[in-house]
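What follows is one structure encoded as structure tokens, with my remarks underneath.
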Amino acid sequence: MEVAVDLHIHSGLSPCADNTMTPNNIINMALLKKLDVLAITDHNSTKNLSAFLNIANKKGIICIPGIEITTKEEVHLTALFPSLDNAQRFQKIVDAHLPRRKNNASFFGNQLIFKEDDSVKEEEEILLSNALTLSIEDSIDEIRKAEGIPIAAHIDKDKFSIISNLGFIDKHLELKVIEFGKNTESDIFVNKHAYLSAYTQIKSSDAHYLGDILEREFFLDVESKSIEGVLNALEV
């Protein structure tokens, strides 16, 4: 069956995201836009996932636990996990490699951890937009150890993408999925980099505002409408 997905959405925990990106606002917007599956992928943190997963479960939509990390090379990777436990296992690796620089909310933005009723539980003090001390190769390895799927995020962007920063994707990396922004003609991009045709291609919103979340415009063919079904479809 086909499911409409958006696998790259930021909550108000990401300093660059709007404060209105709360659990109920995002889940309700995804339902309004008739999505079947979404993923929450905050910068270097999984601390909002529990609230999102609980709200999604109550409202009958699939929410995949995820994260977006910045590697030592300042390349963005997203990672999707089969469960909250797996995501939190990976969080321990992130915490061990994230510089302990404090956030300046007035400059970088708020980093809000929400309760299920959208009230603010607390604010993350450590700046989440910093690069980890892990290389791309080591980051992918740690994601795999936590049973996650690594994805080369927004490879069409002119900054923080593996193509813009490194020029190519090393074929030896355990990387099988690449992501494009919703406004990019992926076929044209792949024609310029023919080797990318070997990768599974997805389109995501990288939403930082509610209105940016995808409509029913990108679909995956899955064997089951579940987290497992979506992850299996990404890496067939």
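When the chain is fully extended, how far beyond the present Cα-Cα distance does Asn191 get from Asn57, taking 0.36 nm per residue of separation?
Values: separation 134, 0.36 × 134 = 48.24 nm, distance 4.01 nm.
Once the chain is fully extended between Asn191 and Asn57, it gains 44.2 nm.
In nm, give the distance between the simple-model label positions of Phe219 and Thr133, each being 7 Å from the Cα along the Cα-to-Cβ direction.
Here the answer is 4.8 nm between the modelled labels.
Filter Lys171/Lys192; Lys34/Lys176; Lys159/Lys182 down to the pairs with a C-alpha to C-alpha distance above 19 Å, please.
Numbers: Lys171/Lys192 17 Å; Lys34/Lys176 27 Å; Lys159/Lys182 16 Å.
The pairs that break the limit, which is 19 Å between Cα atoms, are Lys34/Lys176.
With the contact rule set at Cα under 8 Å and sequence spacing of 6 or more, what percent relative contact order holds for region 105-190?
Here the relative contact order equals 20 percent.
Treating cross-link reach as a plain straight distance, find the aspartates and glutamates whose alpha-carbon is under 14 Å from the alpha-carbon of Lys102, omitting any fewer than eight places away in the same chain.
Glu123, Glu124, Glu125
For the chain, taking Cα atoms only, what is the radius of gyration to one decimal and the Dmax to the nearest whole Å?
Both quantities, over Cα of the chain: 16.4, 47 Å.
Once label points are set 7 Å from the Cα along Cα→Cβ at both Glu2 and Arg101, what is their separation, rounded to one decimal in nm?
It works out to 4.4 nm between the two label points.
In debye to the nearest 20, how big a dipole does the chain give about its Cα centre with +1 on each Lys and Arg Cβ and -1 on each Asp and Glu Cβ?
Values: 24 positive and 37 negative charges, 55 e Å.
That gives a dipole near 260 debye.
When only C-alpha pairs under 8 Å and at least 6 residues apart count, what is the relative contact order of region 5-127, in percent?
Values: 234 pairs, mean separation 34.3, N = 123.
Contact order relative to length: 28 percent.
Quick check: the distance between the Cα centres of region 123-180 and region 1-29, to the nearest angstrom?
20 Å
Please pull out the direction-averaged projected area of region 91-145, using the convex hull of its alpha-carbon atoms, in nm² to one decimal place. It would help to have the intermediate numbers written out before the result.
Values: hull surface 19.4 nm².
Approximately 4.9 nm², given one-decimal rounding.
As a check on your grasp of the helix formula, calculate [θ] at 222 nm for the chain: sum -39500 (n - 2.57) over DSSP H runs of n ≥ 4, divide by the residue count, round to the nearest 500. Mind showing how you got there, number by number?
On the way: 8 runs with 69 residues, N = 236.
Taking each H run of at least 4 residues, the total per residue is -8000 deg cm²/dmol.
Leaving out ligands and nucleic acids, and using a 1.4 Å probe, what accessible area per residue does the chain come to in Å²? Could the numbers behind the result be given before it?
Values: 10670 Å² over 236 residues.
Computed with neighbouring chains in place, this is 45 Å² per residue.
What does the charge count around Lys102 come to, taking other residues whose C-beta lies under 12 Å from its C-beta (Lys +1, Arg +1, Asp -1, Glu -1)? Write down the numbers at each step before the final one.
Values: positive: Arg100, Arg101; negative: Glu123, Glu124, Glu125.
The answer is -1.
Report, by chain and number, residues whose modeled amide H sits under 5 Å from the one on Lys203, excluding near sequence neighbours (fewer than 5 apart, same chain).
Result for Lys203 returns Phe180.
If each of Glu228 and His172 carries a label point 7 Å out from its Cα toward its Cβ, how far apart are those two points in nm?
Here the modelled spin labels are 3.5 nm apart.
The values are calculated or read from the model by the stated rules, or taken from the named source; none is laboratory data. Since the model is a prediction, treat every value here as computed from it, not as a measurement. No Cβ is skipped: glycine too gets one built from the backbone with ideal geometry, and neighbour counts run over all protein chains shown. Heavy atoms of the whole protein, side chains included, go into the accessibility calculation; ligands, DNA and RNA do not. Shrake-Rupley method; radii C 1.70, N 1.55, O 1.52, S 1.80 Å.
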